[in-house]
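The values are calculated or read from the model by the stated rules, or taken from the named source; none is laboratory data. What you see is a predicted model; the values in this text were computed from it and never measured. All Cβ positions, glycine included, derive from the backbone under ideal geometry; neighbour counts span all protein chains shown. In case anyone asks, the SASA skips ligands and DNA or RNA and just uses the protein heavy atoms, side chains included. Shrake-Rupley method; radii C 1.70, N 1.55, O 1.52, S 1.80 Å.
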Amino acid sequence: MRYFSIDEFDSPDDIGSGENMDVKFLTILDEARHIAGIPFKINSGYRTRNHNKKIGGVKNSSHVNIPCNAADISTPDSKTRYAVVTSLILKGVTRIGIGKTFVHADTDETKSQEVIWHYY
């Protein structure tokens, strides 16, 4: 990867767990980051089930998949949000969630495709 280190995707309660990330998904994120031309700060990658429960994540969260194919990317302003979402769509991500300060991306094929949802 050009722009990320694997530990950025660790669950906070399990150091080294970023190794559970899906390589294909990480390649997509890396290429989207290149297209966007801005840093992608990862708020959440892989999550243990305990951490997911602790932060109020949904029971079937894609963040707990192994290999994990989900990440939340910090978007502190609308310009960053636009760059992140646009680059993800250009790289073929078809599942995007938009929060006030982050964008969720996943490639979980067991869930609805071609969807964008919000958290507020």
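If only residues of region 91-117 that are of a type in the set (D, E, K, R), free of Cβ contacts under 8 Å to residues at least 60 places away in the same chain and part of a loop (DSSP other than H, G, I, E, B) are counted, the one that is surrounded by the fewest Cβ atoms within 10 Å (Cβ to Cβ) is Glu114.
If we keep just the residues of region 7-47 that are out of contact with any strand residue (DSSP E or B) (no Cβ under 7 Å at 6 or more places or on another chain), of a type in the set (Val, Ile, Thr) and not in a loop (DSSP other than H, G, I, E, B), which is most open to solvent (accessible area, probe 1.4 Å)?
Going through region 7-47, the residues out of contact with any strand residue (DSSP E or B) (no Cβ under 7 Å at 6 or more places or on another chain) turn out to be 7, 10-16, 18-19, 23-28, 30-39.
If we keep only those that are of a type in the set (Val, Ile, Thr) too, we end up with 15, 23, 27-28, 35, 38.
With not in a loop (DSSP other than H, G, I, E, B) added as a condition, the list becomes 23, 27-28, 35.
Details: Val23: 108, Thr27: 62, Ile28: 29, Ile35: 81 Å².
Per the criteria, the residue is Val23.
With respect to (1) without any contact (Cβ under 8 Å) to a residue 40 or more places away in the chain; (2) buried (at least 17 other Cβ atoms within 10 Å of the Cβ), the lone exception for Asn50 is condition (2). Considering region 56-79, and only residues there that are under 20 Å from Thr27 (Cα atoms) and part of a helix (DSSP H, G or I), the residue that is farthest from the chain's Cα centre (by Cα) turns out to be Val64. Here is a check on your reading of the model: is Val58 open to solvent by 10 Å² or more (accessible area, probe 1.4 Å) and free of Cβ contacts under 8 Å to residues at least 60 places away in the same chain? Yes; evaluated as a whole, the condition is true for this residue.
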